[in-house]
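Here the structure is laid out as structure tokens; the discussion comes afterwards.
The values are calculated or read from the model by the stated rules, or taken from the named source; none is laboratory data. Since we're looking at a predicted model, the values are computed, not measured. Cβ: placed from backbone, ideal geometry, glycine included. Neighbour counts: every protein chain shown.
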Amino acid sequence: MKFLLVVLSCLPLVSAIEAQTPAPKPSASCTVQGQIVKEPGGQPIRKANVSLLGGG
């Protein structure tokens, strides 16, 4: 009977520890490809600067 009481009293501790595990982080790498073109005409623009800003 005491064993059952000990086991039942440990269950909330196990679930609390399980809930505190951090979520896996997403991959930090990505790839962006493309071409900057003039409109109208679709002529490529040379030496264009493109910046990506994180939206966190």
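Across the range 11-28, the number of residues qualifying as at pLDDT 70 or above and either surrounded by 10 or more Cβ atoms within 10 Å (Cβ to Cβ) or of a type in the set (D, E, K, R) (or both) comes to 1. Among the conditions (1) of a type in the set (A, V, I, L, M); (2) at pLDDT below 75; (3) surrounded by 10 or more Cβ atoms within 10 Å (Cβ to Cβ), residue 36 misses just one, which is (2).
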